[in-house]
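Presented below is the structure to which this report refers.
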Amino acid sequence: MKTLIAAYSGVLRGTGSSILSALQDLFSVSWLNRSKVEKQLQVISVLQWVLSFLVLGVACSVILMYIFCTDCWLIAVLYFTWLVFDWNTPKKGGRRSQWVRNWAVWRYFRDYFPIQLVKTHNLLTTRNYIFGYHPHGIMGLGAFCNFSTEATEVSKKFPGIRPYLATLAGNFRMPVLREYLMSGGICPVNRDTIDYLLSKNGTGNAIIIVVGGAAESLSSRPGKNAVTLRSRKGFVKLALRHGADLVPTYSFGENEVYKQVIFEEGSWGRWVQKKFQKYIGFAPCIFHGRGLFSSDTWGLVPYSKPITTVVGEPITIPKLEHPTQQDIDLYHAMYMEALVKLFDKHKTSFGLPETEVLEVN
């Protein structure tokens, strides 16, 4: 009897040890490794934004049209009715949500690359500003993370300044996508919106304009530091009309996160891209990043390359209700010079050689 009890106790002790050992093995497996879990969360956070950027607007439009043809048609009618009454809200700065801007997903987004925001000078809350953001890259990921979320603490670095990232007005015609964009403080890049924010919204407003736009995105590729700026003077004219200071901003690494097929001038591919740019407002690019589960495969997830956005010294701009072309050219030249100086001052700090030159087209 004693022998049986001893044997039974041994089995129990052995079972306990086996269970403990199994649990230790379970929590040591690679898919539960903390750093790997965080890395996957970072990848997912970036992918959700890329998919939102590319397909959310179209997908929500199709879904709403489908709902309109079902027994739930009232939902679609109510949303479209709301859309009619709310149509001009984006032009007045939208509906910024600090809750959305502080989502944890944006911190994972930031850490994936990682993305940093570097402040070089203070900004006065008694002035308004137009930031020129360069370069565009494929999706302007640095511009979004730094100015449409609080992941890099833009509000703490520039207290009292309200950043508004300006993007294509067509995005605000897309159901649901428009709400998503407005919650981050994103607004249409058109004259009506900028006029409103710089004249009827008080001071402390900073409108971030990706000056190179679609044309600049066509030359985006790793190892390339080039901006489309020489003929882009509209933002300078707006700054003069409202007396808004110009702030050159350069994002080192923005061109490194995607690889793109570059079509040469005169090729059929570049012809198609320019036609899209002219009539629709954006230029379709053939690009790729890494895969969702492996960096060795192709996919839509950008490569995890550091992006560092340096905000330069503001250029004081006088208020001229009717600026002449000479005025515009003068301050545009000052802006270009300031941008090149900003690039040259910081390029070696972010891995570029002293001989690297910013190409201004």
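Across the range 326-361, which residue is farthest from the chain's Cα centre (by Cα) among those that are in a helix (DSSP H, G or I) and polar (S, T, N, Q)?
Q326
Might you check whether a residue that is open to solvent by 20 Å² or more (accessible area, probe 1.4 Å), more than 20 Å from S251 (Cα to Cα) and modelled with pLDDT of 95 or more occurs anywhere in the range 286-301?
Looking through the range 286-301, none of the residues is open to solvent by 20 Å² or more (accessible area, probe 1.4 Å), more than 20 Å from S251 (Cα to Cα) and modelled with pLDDT of 95 or more.
Would you call P323 in contact (Cβ under 8 Å) with a residue 60 or more places away in the chain, closer than 18 Å to F131 by Cα and assigned to a loop (DSSP other than H, G, I, E, B)?
When the stated conditions are applied, P323 does not pass them.
When you check H332 against the structure, is it at pLDDT 85 or above, farther than 30 Å from L123 by Cα and not small (G, A, S), yes or no?
no
Name the single residue that is farthest from K224 (Cα to Cα) among those in the range 137-150 being at pLDDT below 95 and over 8 Å from the mean Cα position of the chain (by Cα).
Step by step, filter the range 137-150, then rank; the result is I138.
Restrict the check to the range 238-260 and report whether at least one residue is over 27 Å from I161 (Cβ atoms) and not in a strand (DSSP E or B). Spell out how you get there, then give the answer.
First pass over the range 238-260, keeping only residues over 27 Å from I161 (Cβ atoms): 256, 258-260.
Filter once more, so that each one left must be not in a strand (DSSP E or B): 256, 258.
The answer is yes, given that some residue of the range 238-260 is over 27 Å from I161 (Cβ atoms) and not in a strand (DSSP E or B).
Residues are listed down the side, and each one gets a yes or a no for (1) of a type in the set (G, A, S); (2) open to solvent by less than 70 Å² (accessible area, probe 1.4 Å); (3) touching a Pro at 6+ places or on another chain (Cβ under 8 Å):
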{"position": "S35", "(1), (2), (3)": "yes, no, no"}
{"position": "W49", "(1), (2), (3)": "no, yes, no"}
{"position": "F53", "(1), (2), (3)": "no, no, no"}
{"position": "L56", "(1), (2), (3)": "no, yes, no"}
{"position": "C60", "(1), (2), (3)": "no, yes, yes"}
{"position": "T70", "(1), (2), (3)": "no, yes, no"}
{"position": "K92", "(1), (2), (3)": "no, no, no"}
{"position": "W103", "(1), (2), (3)": "no, no, no"}
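What's the number of the condition F172 fails, among (1) surrounded by fewer than 21 Cβ atoms within 10 Å (Cβ to Cβ); (2) touching a Pro at 6+ places or on another chain (Cβ under 6 Å); (3) of a type in the set (F, W, Y)?
Status for F172: all satisfied but (1).
Scan T309, T316 and give me the residue that is in contact (Cβ under 8 Å) with a residue 24 or more places away in the chain, of a type in the set (S, T, N, Q) and farther than 30 Å from K36 by Cα.
Working: T309 fails: farther than 30 Å from K36 by Cα.
Testing whether each residue is in contact (Cβ under 8 Å) with a residue 24 or more places away in the chain, of a type in the set (S, T, N, Q) and farther than 30 Å from K36 by Cα leaves just T316.
As an exercise: evaluate V357 against (1) open to solvent by 50 Å² or more (accessible area, probe 1.4 Å); (2) of a type outside the set (K, R); (3) in contact with a Lys or Arg (Cβ under 6 Å, 6 or more places away or on another chain) and give the number of the one condition it does not meet.
Result: V357 passes all but (3).
Being within 19 Å of the chain's Cα centre (by Cα), surrounded by 11 or more Cβ atoms within 10 Å (Cβ to Cβ), part of a loop (DSSP other than H, G, I, E, B) and modelled with pLDDT of 95 or more: is that true of K305 here?
The answer is yes for K305.
Of everything in the range 214-241, what is open to solvent by less than 10 Å² (accessible area, probe 1.4 Å), touching an Asp or Glu at 6+ places or on another chain (Cβ under 7 Å) and within 25 Å of E356 (Cα to Cα)? Give them in sequence order.
Of everything in the range 214-241, those that are open to solvent by less than 10 Å² (accessible area, probe 1.4 Å), touching an Asp or Glu at 6+ places or on another chain (Cβ under 7 Å) and within 25 Å of E356 (Cα to Cα) turn out to be A226, V227.
Kindly establish whether V257 is under 30 Å from E38 (Cα atoms) and in contact (Cβ under 8 Å) with a residue 12 or more places away in the chain.
Numbers: under 30 Å from E38 (Cα atoms): yes; in contact (Cβ under 8 Å) with a residue 12 or more places away in the chain: yes.
Criteria met by V257.
Only residues that are farther than 7 Å from L240 by Cβ, open to solvent by less than 60 Å² (accessible area, probe 1.4 Å) and among the β-branched types (V, I, T): list them for the range 313-336, please.
I315
When only residues in the range 242-275 that are open to solvent by 60 Å² or more (accessible area, probe 1.4 Å) and in contact with a helix residue (DSSP H, G or I) (Cβ under 8 Å, 6 or more places away or on another chain) count, which is modelled with the highest pLDDT?
Ranking the candidates gives V261 first.
The values are calculated or read from the model by the stated rules, or taken from the named source; none is laboratory data. Being a predicted model, the structure only gives us computed values, none of them experimental. Methodologically, a virtual Cβ is constructed for each residue, glycine included, from the backbone with ideal geometry; neighbour enumeration extends over all protein chains shown. The protein model used for the area step is the full one, side chains on, heavy atoms only, and it has no ligands, DNA or RNA in it. Shrake-Rupley method; radii C 1.70, N 1.55, O 1.52, S 1.80 Å.
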